[in-house]
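Enquirer: Structure below; questions to follow.
The values are calculated or read from the model by the stated rules, or taken from the named source; none is laboratory data. Values in this document were obtained by computation on a predicted structure and should not be read as measured data. As a convention, Cβ positions derive from the backbone with ideal geometry for all residues, glycine included, and neighbour counts pool all protein chains shown. Calculation scope for accessible area: heavy atoms of the full protein, side chains included, ligands and nucleic acids excluded. Shrake-Rupley method; radii C 1.70, N 1.55, O 1.52, S 1.80 Å.
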Amino acid sequence: MSSTVSRPVAVKLAPLTRERLKRLADAKHRTPHWLMREAIEQYVDQEEKREAFRQDGTRAWEAYRASGLHVTHVEADAWLEQLEAGNDVEPPECQV
């Protein structure tokens, strides 16, 4: 079967949550099913981005630990000030 085929998934919701979902769906002229799908898609997108960001940070930390290459806060701040002022300057050299 193709991965584009949708399959049902059961989700147990508290009665109050179901009522809230129904009211919101009515107000938006959508179905509760549509709202749940949209919410899940947005949540998964957000969490994938968060996980990618976390993994990038972990890789950067590991690269630093392996090489020791870095710039100081003062160097980075001075470079960013130059960029903010509209000056197209090269980033500071990394040091060990």
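Enquirer: What's the angle, to the nearest 10 degrees (0 to 90), between helix 32-67's Cα axis and the longest principal axis of the chain?
Expert: 20
Enquirer: Now a separate question. Where nothing but the Cβ of Lys and Arg (+1) and of Asp and Glu (-1) is charged, how large is the charge dipole of the chain around its Cα centre, in debye to the nearest 20?
Expert: Numbers: 14 positive and 17 negative charges, 290 e Å.
Value, rounded to 20: 1400 debye.
Enquirer: Also, quick follow-up: Ignoring ligands, DNA and RNA, what percent of the 1.4 Å accessible area of the chain is carbon and sulfur?
Expert: C and S atoms contribute 56 percent here.
Enquirer: Using only the alpha-carbon atoms, how far is helix 73-84 inclined from the longest principal axis of the chain? Give it as 0 to 90 degrees, nearest 10.
Expert: Relative to the chain, helix 73-84 is tipped by roughly 80 degrees.
Enquirer: Using a Gaussian network for the chain with springs between C-alpha atoms less than 10 Å apart, which of these wobbles most: ARG59, ARG18, ARG50?
Expert: The residue that fluctuates most here is ARG18.
Enquirer: Another question, if that's okay. With runs of 4+ DSSP H residues as the only contributors, calculate the mean residue ellipticity of the chain at 222 nm using -39,500 (n - 2.57) per run, divided by the residue total and rounded to the nearest 500.
Expert: Rounded to the nearest 500, it is -22500 deg cm²/dmol.
Enquirer: Please compute the alpha carbon radius of gyration of region 10-96, then divide it by the globular-protein estimate 2.2 N^0.38 Å. Two decimals is fine.
Expert: Working it through for region 10-96, the quotient is 1.95.
Enquirer: Springs between alpha-carbon pairs under 10 angstrom, Gaussian network model over the chain: which of GLU62, GLU84, GLU19 fluctuates most?
Expert: Highest fluctuation among the options: GLU84.
Enquirer: For region 1-57, what's the radius of gyration and Dmax over Cα atoms, in angstrom?
Expert: Just the Cα atoms of region 1-57 yield Rg and Dmax of 14.9, 42 Å.
Enquirer: Another question, if that's okay. Could you state how much accessible area ARG54 has, in square angstrom rounded to the nearest 10, with a 1.4 Å probe and all protein chains kept in place?
Expert: 130
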